[in-house]
There are 2 protein chains.
Amino acid sequence: MAHGGGGRMTERLIEDVFLPAFVGAELGRRHDGAYLPELQRRLAVTTDCFVVKPLLFPGGSIGSLAVHGTVNDLAMCGARPLYLTAGFVLEEGLEIALLRRVVTDMAAAARESGVEIITADTKVVERGKGDGVYINTTGIGECLIGEAGPWRAEPGDAVIVSGDLGRHGIAILSVREGIEFSTRIESDAMALWPAVSALIAAGIEIHCLRDLTRGGLSSALNEIARARGVEINIDEATIPISEPVRGACEFLGLDPLYVANEGRFCVIVPGGEAPRAVGVLKSTGLALDARVIGALCEGRSRVVMKTRIGGRRIVDMLSGEQLPRIC
Amino acid sequence: MAHGGGGRMTERLIEDVFLPAFVGAELGRRHDGAYLPELQRRLAVTTDCFVVKPLLFPGGSIGSLAVHGTVNDLAMCGARPLYLTAGFVLEEGLEIALLRRVVTDMAAAARESGVEIITADTKVVERGKGDGVYINTTGIGECLIGEAGPWRAEPGDAVIVSGDLGRHGIAILSVREGIEFSTRIESDAMALWPAVSALIAAGIEIHCLRDLTRGGLSSALNEIARARGVEINIDEATIPISEPVRGACEFLGLDPLYVANEGRFCVIVPGGEAPRAVGVLKSTGLALDARVIGALCEGRSRVVMKTRIGGRRIVDMLSGEQLPRIC
């Protein structure tokens, strides 16, 4: 508890664990806040809390996830991620070695994503109250395109997904429930800005970007359909899902359209731009399974899927909780 | 738990509780992030997690505290608070009425402080894991002065405190431990920007600002002394502490120099500017007890106090934990 008291133990924790990992000029100054340099472009801001359980999972940890989740939300605003703040709620008794691992992962993910962690805060709560560590990250990025969002989606637009779905959720579940699948399924968690920036650099007209996190593809598309008042038609046969994930979902009774991803997004572009957009995504090497899975049309605010056997069904928002503490 | 799943229940929570309170154009758009308007000045950024226990206390709640704590850190950067992000970790079973109270307090404090809550995130953790609600706020402000910080403090500078010390910590403790004092002691939590902006408007040369939160006056001054490599001499007789707080501290065996405040700061200015700075602070009506309590001099990185009985003692950083979960 004394590590959170604001006195000498807090200072030691900062100096021993956080500062060596987060080597940034601003953080090193040890002020209550950080000063940003002059910025030319308009800014986007996003915030996210991370409570994933377990803290370590195949393909990442709460540390890397806390970076990827937030830089990805910036990417979904068409903004290049520049700065992150980090807030930690630590549980009394958390092993320092585990904290160090989380912080190291976080620093590595930040470095790879090209963002600087500019200011941070740490609180400590009693044993049993905090579940190891919760992290908040808030991101600031510079907008490279005009505003993209559901309000710009139009009938006639195509829906593209950037890759196969469901790996993050299944990876978490396999560790949490101690399930061994014949193929080890790793989280898809990764930074999405490189793929988005390739679309921007190619001059693709981007109407809306949305990452497919909590609630999966179905929630993302439903949110867009409702926000814009359009119908979204998707084709089940085109939705990329790997065989191991498909098998795991069948075994567990989960619908992969509702399983969370941490390194997948959908992008909505004018129909005529779609083939080129898919080509650009594939060319980055980061979205080899990118493909068009549907289109927007006039209609009611809903998502309708043509099934593999030729029927049509409404894909509703996630109702209730499929898999808690996924991010 | 379903309120955190990212599906329909999450949407309902957002629409029923958060959106009605946080009426801002950006939040209402329901995107993953917020776009800021073009800003002319340099920005300061700060982040803070709030885990105060109990959630409601005399003079505020975790909701108002989460606003004041962060806008005050911006003020300590000499920056006018403009925007806040809000991240919530909710415990399963938290009463919606209590959440509504917290969110309403937060919205009121934001309105009074002139900041807009531009984007937010909610996670839910299992019963027993989250202690009601934890809040992270990250603040963005525009700098109205050049950088102020410990690195600008100089020997010969005066140390001014903005008001009486210790009320926040004692208010929290009285509720938590069920102690009744003859006088009800209310938290001093309040926004500090109006007082800081008055100093700026008056043209006072501000070298360093620091709010006196966790670890109290002693930790703030020790941090400055160490960061700058100077000795800070303070005079016990000049330090403003109300009689009820002094009595409570004696009763509880606490040193008021280490008790947390949430609406008090110290400002370091050139010695010659000090009387005018005190006058400006008093004139705002928000810092009636403002006064000079000490000065910086060449020496070792430490804080030395002239006691009431004429002795001298080193005021060290808080060692261990005087009062956990204070903010």
ask   = Of the residues B:Arg300, B:Arg325, which single one is over 30 Å from A:Phe88 (Cβ atoms) and touching a residue at least 40 places away in the same chain (Cβ under 8 Å)?
value = B:Arg300
inquiry  = Can you name every one of the strands (runs of 3 or more DSSP E) wholly within the range B:222-327 that holds 2 or more residues which are among the hydrophobic types (A, V, I, L, M, F, W, C)?
reply    = B:231-235, B:265-270, B:291-297, B:302-306
key: Unique residue being of a type outside the set (A, V, I, L, M, F, W, C) and touching a Pro at 6+ places or on another chain (Cβ under 8 Å) when the list is A:Gly285, A:Gly216   = A:Gly216
task = Kindly indicate whether any position in the range B:279-291 is among the acidic types (Asp, Glu), away from every other protein chain (no Cβ under 14 Å) and surrounded by fewer than 15 Cβ atoms within 10 Å (Cβ to Cβ).
result = no
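Working carefully through the options A:Gly93, A:Gly166, find the one that is among the small types (Gly, Ala, Ser), crowded, with 21+ Cβ neighbours inside 10 Å, more than 13 Å from chain B (Cβ to nearest Cβ) and more than 22 Å from A:Ala34 (Cβ to Cβ).
On the way: A:Gly93 fails: crowded, with 21+ Cβ neighbours inside 10 Å.
Of the residues listed, the single one that is among the small types (Gly, Ala, Ser), crowded, with 21+ Cβ neighbours inside 10 Å, more than 13 Å from chain B (Cβ to nearest Cβ) and more than 22 Å from A:Ala34 (Cβ to Cβ) is A:Gly166.
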inquiry  = Quick check on my filter: what residues within the range B:129-148 are facing another protein chain (nearest Cβ under 9 Å) and surrounded by fewer than 24 Cβ atoms within 10 Å (Cβ to Cβ)?
reply    = B:Lys129, B:Asp131, B:Cys143, B:Glu147
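With respect to A:Leu82, is the statement that it is more than 9 Å from every other protein chain (Cβ to nearest Cβ) and within 20 Å of A:Ile326 (Cβ to Cβ) true? Please lay out each step first, then the result.
On the way: more than 9 Å from every other protein chain (Cβ to nearest Cβ): yes; within 20 Å of A:Ile326 (Cβ to Cβ): no.
Considered against the rule, which asks whether it is more than 9 Å from every other protein chain (Cβ to nearest Cβ) and within 20 Å of A:Ile326 (Cβ to Cβ), A:Leu82 comes out as no.
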Residues located in the range B:24-60, provided they are buried (at least 23 other Cβ atoms within 10 Å of the Cβ) and not hydrophobic (A, V, I, L, M, F, W, C) = B:His31, B:Asp32, B:Gly33, B:Thr46, B:Thr47, B:Asp48, B:Gly60
query = Which of the residues belonging to the range B:1-37 are small (Gly, Ala, Ser), over 15 Å from A:Gly215 (Cα atoms) and either modelled with pLDDT of 80 or more or not in a helix (DSSP H, G or I) (or both)?
reply = B:Ala21, B:Gly24, B:Gly33, B:Ala34
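The values are calculated or read from the model by the stated rules, or taken from the named source; none is laboratory data. This structure is a prediction, so every number in the text was calculated from the model and none was measured. Glycine also receives a Cβ, built like all others from the backbone with ideal geometry; neighbour counts cover every protein chain displayed.
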